[in-house]
Amino acid sequence: MWIKNKVWKPLLIVGIFCCALAVTLVIYVDRLEQELNEEIVSVLKETSEQNVVILNKEVEGKFILLEAVANRLADCEVFEPERELKELQKEVKQHSLKRIGIIMADGTTYTTDQKQLELGDKENILGSMKGKRVISRRIRSQTNGEDIIVFSVPIYKNNEVHAVVFSTHGIDEIQQMLSVSIFDGAGYSYIVETNGNIVINTAAHGGFAEYENIYTALENSSASNSKVVRNMREDLQYNKSGYIYFHNKVDKYMYYSPLPIRDWYVLSVVPADIMDSTKNNIMILTYVLCGILAIAYGILISYIIQTEKKKQKELTDILYVDTVTGGYSYARFCAEAAQRLKKTSLSAAYIVMDIDQFKIVNELFGYEAGDATLRYIWRIWRICSRADEVYARRIADQYVVLWFFDSREELHERVEDFLEILQKSYSNNISEYMLKATLGIYLVKDKSEEIQNMMNYATMAHSAVKGKEDTTYTFYDDDFKHKLLNDKLLADQMKRALRHREFIVYYQPKYNVMTKKLVGAEALVRWKRRDGSIMMPGRFIPLAEKSGFINYLDKYVFAEVCRKQKEWLKAGGHTVPISVNLSRRHLYSDNFMEEYKEMVEQAEVPARYLQLELTESAIFENKEELCQIIDTLHAMGFSIQMDDFGTGYSSLMMLKSVPIDVLKLDKSFVDDFDDPKGQKIITSVINLAQELHIEVTAEGVETKEQYEFLRNLGCNTIQGFYFSRPMPEEEFEKLLSMSAIEPDGKLENETVPSYT
Ligand code: C2E
Ligand code: CA
Ligand code: CA
């Protein structure tokens with residue numbers, strides 16, 4: 001869905017950004033590790049080189065001491081061994097030597113401790129005899145089995161080597177030289193020969209104290225060391241420095257740098273964890289930073305998602321929520337309906353419903369009350385619908401609904417239940433006006449059909465019922481299609497029928513309640529079909545109203561009534577005022593008043609014999625304009641009757657502002673006469689009308705009880721089957737002539753003729 005795409009965009013950007021960041025971090029961490037490793041090696045190298053410097057210094061110190069002794073001896077004019085050795089004794093003590101010795105050119109040897117010469121390989125003597133400074137290998141002492149190292153220098157006399165002076169040093173002493181603290185004591189050093197033989201071992205914990213050769217030691221301590229040992233061997237052979245990473249119980253670094261003494265090397269060893277701890281700290285810090293960044297990005301992403309979701313919700317709300325009811329919007333309805341229709345195994349029906357003349361609610365009670373009513377109707381739909389069904393307000397007071405059902409009877413029942421609850425809102429005083437609903441229902445045939453098509457069918461059924469007095473709902477089915485077709489045919493035939501004078505006027509008499517005298521009549525149109533059948537206005541008036549043909553028809557009926565009145569007046573002079581219906585549409589059309597005036601003038605009938613019936617809903621179109629129209633009609637001499645009072649959104653107060661002459665109480669009011677509430681309404685309507693000097697005509701009076709009830713209330717006129725049904729003109733003509741002769745007709749006991 002498009003909304004999801006909207007989330008993906010920022011997510012993609014953030015995602016790409018995070019990937020780039022992650023890659024950068026990986027590269028950075030890798031580089032950092034490399035640099036830290038280099039740093040470790042350089043620290044190790046430095047330590048190692050420091051060792052070399054210290055050793056060199058120490059060795060140099062020992063040679064300087066020996067050379068000082070050699071110089072002193074050289075300066076002696078006469079060499080007196082005992083005396084000299086006594087002097088040298090001090091040096092031995094002072095410098096913690098094993099001994100100092102002198103070897104004369106002839107091989108005579110003098111030592112400070114009178115021990116035998118210990119230079120097993122004579123390397124020192126030979127070297128120093130040649131004028132060199134010499135340090136011996138590690139030698140096992142012949143005198144006491146201790147390991148020693150011997151330093152020797154020549155004694156010159158007259159520029160010739162005259163003798164050799166040497167000093168013997170215990171291994172411990174040399175070892176001391178190496179005891180520079182490495183890494184706060186965690187590291188230690190060795191001195192080895194190129195062949196790996198250990199010259200100075202270490203006593204440090206974890207060292208190779210028990211080994212004599214460093215290669216053997218390394219190879220024995222871990223198989224994984226063999227490769228590094230190979231590299232190290234090679235380096236040492238070529239006098240190179242370098243480092244290895246080896247394993248001996250723990251991982252360690254070893255740096256090797258050559259000493260300028262013999263073929264010796266200094267090895268500096270440090271456990272990897274010590275070296276790595278700084279690196280690890282930095283790495284941990286880096287990882288923590290990465291973690292923080294990841295969390296920050298996580299928060300950022302969720303923030304973006306949240307904001308996007310919120311935005312979406314706002315958008316969805318605008319798109320999918322109806323602002324008035326808080327329920328689904330029409331868009332949401334369509335989406336939901338399509339889905340739910342797919343899921344259900346039941347039969348389905350789309351319903352389009354609205355309230356007759358709803359705009360009157362707004363006009364009378366204000367938009368807030370109008371909205372409250374719309375919400376109320378929505379709640380009724382909610383009550384009447386099941387969980388899997390959908391309902392929504394489409395526009396204005398129109399609702400759309402998708403219902404599921406097993407049988408058509410069930411659907412009928414549910415629709416009736418809905419209408420009943422809606423009706424109750426008025427009788428229970430929830431709504432101050434009668435809500436009359438109209439429903440169009442489409443029974444789904446093919447669930448895969450476009451929802452818009454199905455909604456159209458329901459809407460067509462709905463508009464077909466709209467404005468019909470007797471029908472509340474209808475189905476769009478084959479009958480309906482047939483009816484639509486018929487309606488179209490009828491509408492097409494009307495013009496021709498009018499030309500052929502197929503429309504005839506029936507008259508329904510009106511009687512004075514008290515005197516039971518004929519006091520008027522209502523002209524009611526019928527369509528006499530060519531086959532002789534009579535079609536009732538309920539069938540064709542709505543069609544005529546829809547097409548606008550009603551204007552011609554009303555005018556025709558009015559003209560017919562004028563013509564008849566003129567005839568009756570001419571003939572006997574006795575007639576009664578006849579009211580003619582005027583459709584709402586007609587009332588507001590241009591020229592209407594001029595045309596009617598003209599017709600009356602042409603007929604030469606006094607206007608008091610003509611009355612106009614306006615339906616109650618006409619009042620609400622435009623009250624000011626209506627009052628003007630009524631005033632003009634009054635001026636022309638017409639009496640104005642308000643038809644169907646009580647069916648629409650009557651307000652008694654409205655009676656005060658619209659200058660009508662007669663109020664025609666609708667049949668539905670009269671039917672309610674035995675209900676206490678109905679009685680109360682009729683009573684107050686009649687009372688108010690009397691106060692305002694408005695006459696009341698009760699319509700649809702069918703029974704004696706109704707008649708008596710209305711008479712007792714002071715109703716003025718009665719129109720209903722109880723007295724007379726609408727009758728053809730000839731019949732009415734007879735009635736007129738009868739009433740002229742017999743003003744007190746015994747109508748009460750007469751059988752009522754049927755002329756419908
Ligand atoms: P309406 O103007 O309210 O006319 C009264 C209707 O009530 C008439 O129906 C009449 O036959 C019926 N009626 C009178 N007394 C009784 C009674 O005691 N019981 C029952 N059940 N019905 C009673 P009709 O003639 O079928 O006319 C129906 C509607 O058609 C009229 O209602 C009016 O709105 C419309 N109509 C008739 N003729 C014309 C016309 O020339 N022009 C216009 N615009 N509308 C007309
Ligand atoms: Ca009428
Ligand atoms: Ca009426």
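Six or more apart or on different chains, Cβ under 8 Å: which pairs go from a residue in the stretch 495-509 that's among the acidic types (Asp, Glu) to one that's surrounded by 17 or more Cβ atoms within 10 Å (Cβ to Cβ) and modelled with pLDDT of 95 or more? Could you list them?
Glu502/Trp527
Of the residues in the stretch 185-210, how many are touching a Ser or Thr at 6+ places or on another chain (Cβ under 9 Å) and surrounded by fewer than 17 Cβ atoms within 10 Å (Cβ to Cβ)?
Of the residues in the stretch 185-210, 1 are touching a Ser or Thr at 6+ places or on another chain (Cβ under 9 Å) and surrounded by fewer than 17 Cβ atoms within 10 Å (Cβ to Cβ).
Under 6 Å by Cβ, and 6 or more places apart or on different chains, what pairs join a residue from the stretch 564-582 that is free of Cβ contacts under 8 Å to residues at least 60 places away in the same chain and closer than 20 Å to Asp554 by Cα with one that is within 16 Å of ligand 2 (Cβ to nearest atom) and not hydrophobic (A, V, I, L, M, F, W, C)?
Leu582/Asp554
Of all residues in the stretch 264-286, which are surrounded by fewer than 16 Cβ atoms within 10 Å (Cβ to Cβ) and either without any contact (Cβ under 8 Å) to a residue 12 or more places away in the chain or within 28 Å of Ile200 (Cα to Cα) (or both)?
Scanning the stretch 264-286 gives Asp273, Ser277, Asn280, Asn281, Ile284, Leu285.
Would you call Leu364 outside any strand (DSSP E or B), among the hydrophobic types (A, V, I, L, M, F, W, C), touching a Lys or Arg at 6+ places or on another chain (Cβ under 9 Å) and more than 16 Å from Leu422 (Cα to Cα)?
No, not satisfied.
When Gly720 is evaluated against the numbered criteria (1) of a type in the set (Gly, Ala, Ser); (2) over 60 Å from the mean Cα position of the chain (by Cα); (3) under 14 Å from Phe645 (Cα atoms), which criterion, by number, is the only one it fails?
Single failed check for Gly720: (3).
Could you check the stretch 188-227 and list, in sequence order, the residues that are touching an Asp or Glu at 6+ places or on another chain (Cβ under 9 Å) and closer than 11 Å to Asn248 by Cα?
Hits for the stretch 188-227 are Ala217, Asn225.
Consider the stretch 323-346. How many of its residues are in a helix (DSSP H, G or I), within 14 Å of Tyr399 (Cα to Cα) and touching a residue at least 60 places away in the same chain (Cβ under 8 Å)?
5
Considering only residues that are of a type in the set (Val, Ile, Thr) and closer than 22 Å to Val361 by Cα, which ones fall in the stretch 661-681?
Within the stretch 661-681, Ile681 is the sole residue that qualifies.
Select the strands (runs of 3 or more DSSP E) contained entirely in the stretch 240-322, then report the ones holding at least 3 residues which are modelled with pLDDT of 80 or more, out of contact with any strand residue (DSSP E or B) (no Cβ under 9 Å at 6 or more places or on another chain) and hydrophobic (A, V, I, L, M, F, W, C).
none
Among the residues that make up the stretch 522-536, is at least one of them away from ligand 2 (no atom under 16 Å from the Cβ) and buried (at least 17 other Cβ atoms within 10 Å of the Cβ)?
yes
Within the stretch 552-567, can one find any residue that is more than 23 Å from Glu625 (Cα to Cα), modelled with pLDDT under 95, more than 16 Å from ligand 2 (Cβ to nearest atom) and not in a helix (DSSP H, G or I)?
For the stretch 552-567, residues more than 23 Å from Glu625 (Cα to Cα), modelled with pLDDT under 95, more than 16 Å from ligand 2 (Cβ to nearest atom) and not in a helix (DSSP H, G or I): absent.
Which residues, taken from the stretch 162-176, are touching a residue at least 24 places away in the same chain (Cβ under 8 Å) and in a helix (DSSP H, G or I)?
Ile171, Glu173, Ile174, Gln175
Hand me the list of helices (runs of 4 or more DSSP H) wholly inside the stretch 624-728 holding 3 or more residues that are away from ligand 1 (no atom under 16 Å from the Cβ).
Answer list for the stretch 624-728: 652-657, 676-691.
Could you check how many residues of the stretch 378-397 are surrounded by 18 or more Cβ atoms within 10 Å (Cβ to Cβ) and touching a strand residue (DSSP E or B) at 6+ places or on another chain (Cβ under 8 Å)?
9
Name the single residue that is farthest from the chain's Cα centre (by Cα) among those in the stretch 406-425 being exposed (fewer than 12 other Cβ atoms within 10 Å of the Cβ) and under 19 Å from Thr344 (Cβ atoms).
The extreme case among them is Glu409.
For the stretch 347-362, which residues satisfy the criterion of being in contact (Cβ under 8 Å) with a residue 12 or more places away in the chain and more than 15 Å from Ile441 (Cβ to Cβ)?
Ile355, Asp356, Gln357, Phe358, Lys359, Ile360, Val361 - these are the residues of the stretch 347-362 that are in contact (Cβ under 8 Å) with a residue 12 or more places away in the chain and more than 15 Å from Ile441 (Cβ to Cβ).
Just one of the numbered conditions (1) within 60 Å of the chain's Cα centre (by Cα); (2) touching a residue at least 24 places away in the same chain (Cβ under 8 Å); (3) within 16 Å of ligand 3 (Cβ to nearest atom) is not true of Leu710; which one?
Only one criterion in (1) within 60 Å of the chain's Cα centre (by Cα); (2) touching a residue at least 24 places away in the same chain (Cβ under 8 Å); (3) within 16 Å of ligand 3 (Cβ to nearest atom) is unmet by Leu710, namely (1).
Across the stretch 560-607, which residue is surrounded by the fewest Cβ atoms within 10 Å (Cβ to Cβ) among those that are under 25 Å from Leu736 (Cβ atoms) and within 60 Å of the chain's Cα centre (by Cα)?
Applying the filter and picking the extreme gives Asn581.
How many residues does the stretch 713-737 contain that are more than 19 Å from Ala523 (Cβ to Cβ) and away from ligand 3 (no atom under 16 Å from the Cβ)?
2
Which numbered condition in (1) crowded, with 16+ Cβ neighbours inside 10 Å; (2) over 20 Å from Leu178 (Cα atoms) is the only one that Ser224 fails?
Among (1) crowded, with 16+ Cβ neighbours inside 10 Å; (2) over 20 Å from Leu178 (Cα atoms), Ser224 violates only (1).
Which one of the conditions (1) assigned to a helix (DSSP H, G or I); (2) of a type in the set (D, E, K, R); (3) surrounded by fewer than 17 Cβ atoms within 10 Å (Cβ to Cβ) does Glu84 fail to meet, given that it meets all the rest?
Going through (1) assigned to a helix (DSSP H, G or I); (2) of a type in the set (D, E, K, R); (3) surrounded by fewer than 17 Cβ atoms within 10 Å (Cβ to Cβ) one by one, Glu84 breaks only (3).
Any residue that is within 16 Å of ligand 3 (Cβ to nearest atom) and more than 18 Å from Glu469 (Cβ to Cβ) - is there at least one of those in the stretch 540-554?
No, there is no match, as no residue in the stretch 540-554 is within 16 Å of ligand 3 (Cβ to nearest atom) and more than 18 Å from Glu469 (Cβ to Cβ).
Scan the stretch 154-177 for residues that are among the hydrophobic types (A, V, I, L, M, F, W, C) and surrounded by fewer than 21 Cβ atoms within 10 Å (Cβ to Cβ) and jot them down.
Val161, Ile171, Met177
So, Tyr215, is that one among the aromatic types (Phe, Trp, Tyr), in contact with a Gly (Cβ under 7 Å, 6 or more places away or on another chain) and over 30 Å from Asn71 (Cα atoms) or not?
Here the answer is yes, as Tyr215 does meet what is asked.
The values are calculated or read from the model by the stated rules, or taken from the named source; none is laboratory data. Here the structure is a predicted model, which is why all the values come from computation and not from measurement. Positions of Cβ are generated from backbone atoms using ideal geometry, with glycine treated the same way; all protein chains shown enter the neighbour counts.
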